[in-house]
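A.B. asks: First the structure, then my questions, so here it is.
The values are calculated or read from the model by the stated rules, or taken from the named source; none is laboratory data. Just so it is clear, the model here is predicted, and its values are computed rather than measured. When we count neighbours, we look across all protein chains shown, and the Cβ atoms used for this are built from the backbone with ideal geometry, even at glycine. Note: accessible area is taken over every heavy atom of the protein model, side chains too, but ligands, DNA and RNA are not part of it. Shrake-Rupley method; radii C 1.70, N 1.55, O 1.52, S 1.80 Å.
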Amino acid sequence: MINIHSLFKTYQNADAVCDLSFSVQPGQVLGLVGRNGAGKTTTLKTIAGLIPASSGTVNVAGHDLQSNLLEIKRNSAYVPDDPELFHDLSVEQHLLFTAGIYAVATPFDAIDILLETFELTDKRHTPASGLSRGMRQKLAIICAYLQQPAALLLDEPMTGLDPQGIRKLKNTITEKANAGAAVIISSHLLAMVEDICTHVLILEKGQKQFFGSLEELKQSFSDSSADESRTLEEIYFATIGIQDQLDQTHSPQTKEASANA
């Protein structure tokens, strides 16, 4: 469904994403984790066709980014961590606008269900400017769900959500995957990633540190049966710790100190 091969994205001679390859199949939920600036948002925006790749291959639902950008956008939905909405349009107008763009047949029933699911029914006629931060996030998520995309790309979607909203989002992400969508969710909430994701991609400075299933990740960091209970958070910090040690070993200061020893 989502196939990325040797993806590079360069800004001013610096690689934000470097030689990245991975895939997400229908029914899988990929947790994209890493520090701020690791390349997570750049990766998601490139897959969604919002920014061009410097090189490499991006394929979504059988469509190549370079040759069929329109089909990429038709088959994917991207929710940023701070969605930009039309301030003067109401919640319902946003949804009807989205339904029109993506040619959603008979959208009203779906809109009613989504509004009820995310507790926005009483805000149906409220303009976006009158919504709280969490409500704006819910509206962006509902717009993405209304598209019924083959690829669902969520960038820190829990931002601003209350506990009820977080639970609804987690449940609906699982439902979308079970219905055949390929889902990528970027999040710093590692417990949540471990809770709902089937696979994990760890990025550090634009480079892949690990990609595979949760089970494979835990096995790769298990030296004994006792280690199999390690949480994703513990494994993540172990992975980043290894990278920190490598960076320190190859830093100019370390090399100078070694030379003077």
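A.B. asks: Can you spot a residue in region 106-124 that is under 30 Å from Phe8 (Cα atoms), modelled with pLDDT of 95 or more and surrounded by 18 or more Cβ atoms within 10 Å (Cβ to Cβ)?
C.D. replies: No: region 106-124 contains no residue that is under 30 Å from Phe8 (Cα atoms), modelled with pLDDT of 95 or more and surrounded by 18 or more Cβ atoms within 10 Å (Cβ to Cβ).
A.B. asks: Now a separate question. For Ile101, all conditions in the list (1) in contact with a strand residue (DSSP E or B) (Cβ under 7 Å, 6 or more places away or on another chain); (2) at pLDDT below 95; (3) aliphatic (A, V, I, L, M); (4) within 20 Å of Cys143 (Cα to Cα) hold save one; what is the number of the exception?
C.D. replies: Condition (1) is where Ile101 drops out.
A.B. asks: Continuing with the same structure: Inspect region 127-147 for any residue being over 11 Å from Ala77 (Cβ atoms), part of a helix (DSSP H, G or I) and hydroxyl-bearing (Ser, Thr, Tyr) and give the result as yes or no.
C.D. replies: Yes, region 127-147 has at least one match.
A.B. asks: Look through Asp195, Asp223, Asp247, Asp227 and report the one residue that is over 23 Å from the mean Cα position of the chain (by Cα) and either part of a loop (DSSP other than H, G, I, E, B) or modelled with pLDDT of 90 or more (or both).
C.D. replies: On inspection, the qualifying residue turns out to be Asp223.
A.B. asks: Kindly list the number of the only condition in (1) in a helix (DSSP H, G or I); (2) among the acidic types (Asp, Glu); (3) touching a residue at least 60 places away in the same chain (Cβ under 8 Å) that fails for Glu116.
C.D. replies: Exception for Glu116: condition (3).
A.B. asks: Quick check on Thr174: is it open to solvent by 30 Å² or more (accessible area, probe 1.4 Å) and under 30 Å from Asp15 (Cα atoms)?
C.D. replies: No: the conditions fail for Thr174.
A.B. asks: Checking Ser132 against (1) open to solvent by 50 Å² or more (accessible area, probe 1.4 Å); (2) of a type outside the set (D, E, K, R); (3) within 21 Å of Met1 (Cα to Cα): exactly one of these is not met. Which one?
C.D. replies: (3)
A.B. asks: Picking from Leu44, Leu115, Leu65, which residue would you name as being of a type in the set (A, V, I, L, M, F, W, C) and closer than 18 Å to Asp155 by Cα?
C.D. replies: Exactly one of Leu44, Leu115, Leu65 is of a type in the set (A, V, I, L, M, F, W, C) and closer than 18 Å to Asp155 by Cα, namely Leu44.
A.B. asks: Something else: Of the conditions (1) buried (at least 17 other Cβ atoms within 10 Å of the Cβ); (2) closer than 29 Å to Leu70 by Cβ, Gly180 clears all except one; give me its number.
C.D. replies: Among (1) buried (at least 17 other Cβ atoms within 10 Å of the Cβ); (2) closer than 29 Å to Leu70 by Cβ, the lone unmet condition for Gly180 is (1).
A.B. asks: Check every one of the helices (runs of 4 or more DSSP H) wholly within region 25-101 and list those with 2 or more residues that are open to solvent by less than 10 Å² (accessible area, probe 1.4 Å).
C.D. replies: Counting at least 2 such residues, we get 40-47, 91-101.
A.B. asks: OK, next. Has region 23-38 got any residue that is in contact (Cβ under 8 Å) with a residue 24 or more places away in the chain, under 16 Å from Leu203 (Cβ atoms) and among the polar types (S, T, N, Q)?
C.D. replies: The answer is no; no qualifying residue exists.
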